[in-house]
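The values are calculated or read from the model by the stated rules, or taken from the named source; none is laboratory data. Remember, predicted model here, so these are calculated numbers, not experimental data. Every residue, glycine as well, gets a Cβ built from its backbone with ideal geometry; the counts of neighbours run over all protein chains shown.
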């Protein structure tokens, strides 16, 4: 089974891109959707007859939730005899790092988010093998080129593909890249491409009160000018 990690900001078009990818690939594709509070994408995958599992992190860090559950997702995919397994996660703080060494990684970002946005996004774009740009049909060719340049500034090694989630234009090329993904049987002893966000403080364990007296553990403060 070939594993592909797909990440990107909310509403950037990840689900539409994955559905178009499923259409362009010859094998059976399944999806594990990682989200925080709620998701309506399962209905879209079910309508397209794409096997899907959905998990919600709730109050837990989405990155930690991903690491704790992705190997179980691989086992689920193997039991379903999938040819391709795609993990989908939203980088809600643009800091997420759900990419794994040796596993094809894709970051989806829409070009309406602002020309400087690629350089504001963390490991999910900077360590991706492929950056898929969506909604390029809404802007001019010049704007697409400027946006591509901004992506290159953030990740000079990534392959940049423009994919239209509505028409499917560009999904064929993404499918060709997906076909080159490595085959895996387990994720045991593999490594993330970047560390997950670090935090072990009172607020991690449920504290809600504000004040230095309630702040314990790993903290980080701004040095304000006087």
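Take residues that are in contact with a strand residue (DSSP E or B) (Cβ under 7 Å, 6 or more places away or on another chain) and free of Cβ contacts under 8 Å to residues at least 60 places away in the same chain and tell me which of the strands (runs of 3 or more DSSP E) falling wholly in region 48-137 contain 2 or more.
Filter on region 48-137 gives 52-56, 130-134.
Which of the residues spanning region 138-162 are in contact with a helix residue (DSSP H, G or I) (Cβ under 7 Å, 6 or more places away or on another chain), surrounded by fewer than 22 Cβ atoms within 10 Å (Cβ to Cβ) and in a helix (DSSP H, G or I)?
144, 150, 153, 154 - these are the residues of region 138-162 that are in contact with a helix residue (DSSP H, G or I) (Cβ under 7 Å, 6 or more places away or on another chain), surrounded by fewer than 22 Cβ atoms within 10 Å (Cβ to Cβ) and in a helix (DSSP H, G or I).
Being part of a loop (DSSP other than H, G, I, E, B), modelled with pLDDT of 90 or more and closer than 22 Å to residue 25 by Cα is the requirement here; does residue 168 meet it? Steps first, please.
Working: part of a loop (DSSP other than H, G, I, E, B): yes; modelled with pLDDT of 90 or more: yes; closer than 22 Å to residue 25 by Cα: yes.
When the stated conditions are applied, residue 168 passes them.
Give me a count of the residues in region 188-202 that are touching a strand residue (DSSP E or B) at 6+ places or on another chain (Cβ under 9 Å) and in contact (Cβ under 8 Å) with a residue 24 or more places away in the chain.
Qualifying residue count for the region: 5.
In a loop (DSSP other than H, G, I, E, B), in contact (Cβ under 8 Å) with a residue 60 or more places away in the chain and loosely packed, with under 13 Cβ neighbours inside 10 Å: is that true of residue 185 in this structure?
Yes: the conditions hold for residue 185.
I'm trying to understand the selection: among the residues of region 188-226, which are part of a strand (DSSP E or B) and either exposed (fewer than 14 other Cβ atoms within 10 Å of the Cβ) or modelled with pLDDT under 85 (or both)?
201, 217
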